[in-house]
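The values are calculated or read from the model by the stated rules, or taken from the named source; none is laboratory data. Worth saying up front: this structure is predicted, and the values here are computed from it rather than measured. Every residue, glycine among them, receives a Cβ derived from its backbone with ideal geometry; neighbour counts consider all protein chains shown.
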Amino acid sequence: MKTDAPRKVGFLLIPSFSLLSYASAVEPLRAANRVSGRSLYTWRHVSGQGRPIEASSGLAIAADHAIGDDVDLDMLLVCAGGNPALHRNARTLSWLRKLARRGVRIGGVSGGPYILARAGLLDGYRCTIHWEHMAGFREEFPQLDTRRTLYEIDRHRLTCAGGIAGFDMMRAIIAAEHGSALAAAVSEWFLQTQLRSGSGPQRLTLRERYGVAHPKLLEALKAMEDRTQKPLSRNELAAATALSVRQLERLFANHLGTTIGDLYLKIRLDRARTLVHETALPLLEIAIACGFANGSHFSRAYRARYGQSPRRDRDAIREPE
């Protein structure tokens, strides 16, 4: 949809937002103006009280407005990082709902979709969120159509997993509003020579993440990541890869420098910690969801890995709003 009037974009910055995610969303707009030689986009910044807001890096961005101000916008993007599951400010949620009722296009970047979901603005829409928040997000909002994609544009809702995926989403918006030629010029301006669609994966492949290429080892790693609630035994993993337990253990030792048991425990505990931080699930439910027979076993393993019990770890991040 092409238009001659500048599109007015707002950025609602939540404390500890990711500077890279924000920059990936705003810089394509600046480039579109520069490359086209026209003022296609203008943007404003919003914070809780209208004061400068700090990114996770400590750099502060000056705000033009406070939440609740009567701001004339075509689109608002909520940029959040850190642990967005903690953000429950009723004033913020009410303001977002008010903008949505006015027809403003609402989006979330990185952890921003968490806040949109809590405001009830993603019901009936496709959405995505950063993979780090995915487990907790799906636990809290099981009714949503959540995808493991880079970004989703569904009518008046936009969600982006964050990082450099914000650039991909904004490029798609520029193409829809001002044509593919301008979008391509923006990509070239930033030396982006490989275009990514919204349906692209968020994470590196197992081969890239673990730095291994052995096909049997990759089969075992996939099975371990897929089965955290009911972990497979060493015998079951070996059978799934058509190897003996001894052969499989040798692969883990030679290629990963660890044992099957130690790596499987790490995978399960990492998932558990995400649920501890980003959900209100009882700790016993988290223990069972991550393959622990009882709470005491879970607590001991958790303390050994992270230096404190899951309860203390949860309490430590429950900062005042």
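So, Phe298, is that one in a helix (DSSP H, G or I) and either buried (at least 16 other Cβ atoms within 10 Å of the Cβ) or in the same structural domain as Leu86 (by TED's automatic domain parsing) (or both) or not? It is true that Phe298 is in a helix (DSSP H, G or I) and either buried (at least 16 other Cβ atoms within 10 Å of the Cβ) or in the same structural domain as Leu86 (by TED's automatic domain parsing) (or both).
For every residue, the table says whether it meets (1) farther than 21 Å from Ile14 by Cβ; (2) of a type outside the set (A, V, I, L, M).
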position: Thr146; (1), (2): no, yes
position: Ala161; (1), (2): no, no
position: Ile164; (1), (2): no, no
position: Ala176; (1), (2): yes, no
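Inclusion of Leu191 among residues that are without any contact (Cβ under 8 Å) to a residue 24 or more places away in the chain, of a type outside the set (Val, Ile, Thr) and not in a helix (DSSP H, G or I) is warranted. Considering Gly162, Gly136, the condition of being at pLDDT below 90 and on the phi > 0 side of the Ramachandran plot is satisfied by Gly162 alone. Pairing each residue of the range 262-286 that is farther than 21 Å from Phe252 by Cα with any residue that is β-branched (Val, Ile, Thr) and modelled with pLDDT under 90, provided the two are 6+ apart or on different chains, yields C-beta distances under 8 Å for His277/Ile317; Leu283/Val276; Ile286/Val276; Ile286/Thr279. When only residues in the range 123-159 that are free of Cβ contacts under 8 Å to residues at least 40 places away in the same chain and in a strand (DSSP E or B) count, which is surrounded by the most Cβ atoms within 10 Å (Cβ to Cβ)? Once the filter is applied, the top-ranked residue is Cys127. Taken over the range 191-210, the residue count meeting the criterion of being at pLDDT 70 or above and either β-branched (Val, Ile, Thr) or more than 23 Å from the chain's Cα centre (by Cα) (or both) is 2.
Kindly evaluate Gly107 against the criterion of being free of Cβ contacts under 8 Å to residues at least 24 places away in the same chain and closer than 26 Å to Phe190 by Cα. Taking the combined requirement at face value, the residue does not satisfy it.
Within the range 57-71, is even one residue under 24 Å from the mean Cα position of the chain (by Cα) and closer than 19 Å to Arg105 by Cβ? Checked the range 57-71: at least one residue is under 24 Å from the mean Cα position of the chain (by Cα) and closer than 19 Å to Arg105 by Cβ. Of the listed requirements (1) surrounded by 19 or more Cβ atoms within 10 Å (Cβ to Cβ); (2) modelled with pLDDT under 95; (3) not in a loop (DSSP other than H, G, I, E, B), Glu54 misses just one: (1). How many residues, within the range 255-294, are touching an Asp or Glu at 6+ places or on another chain (Cβ under 8 Å), within 30 Å of His214 (Cα to Cα) and among the aliphatic types (A, V, I, L, M)? Of the residues in the range 255-294, 2 are touching an Asp or Glu at 6+ places or on another chain (Cβ under 8 Å), within 30 Å of His214 (Cα to Cα) and among the aliphatic types (A, V, I, L, M).
In the set Leu77, Leu20, only one residue is closer than 30 Å to Glu278 by Cα, in a helix (DSSP H, G or I) and of a type in the set (A, V, I, L, M, F, W, C); that residue is Leu20. Considering every residue within the range 37-44, establish whether at least one is assigned to a helix (DSSP H, G or I), touching a helix residue (DSSP H, G or I) at 6+ places or on another chain (Cβ under 6 Å) and in the same structural domain as Ala183 (by TED's automatic domain parsing). Scanning the range 37-44 turns up no residue that is assigned to a helix (DSSP H, G or I), touching a helix residue (DSSP H, G or I) at 6+ places or on another chain (Cβ under 6 Å) and in the same structural domain as Ala183 (by TED's automatic domain parsing). For the range 271-299, taking the residues that are closer than 21 Å to Leu232 by Cα and charged (D, E, K, R), the one that is farthest from the chain's Cα centre (by Cα) is identified as Glu285.
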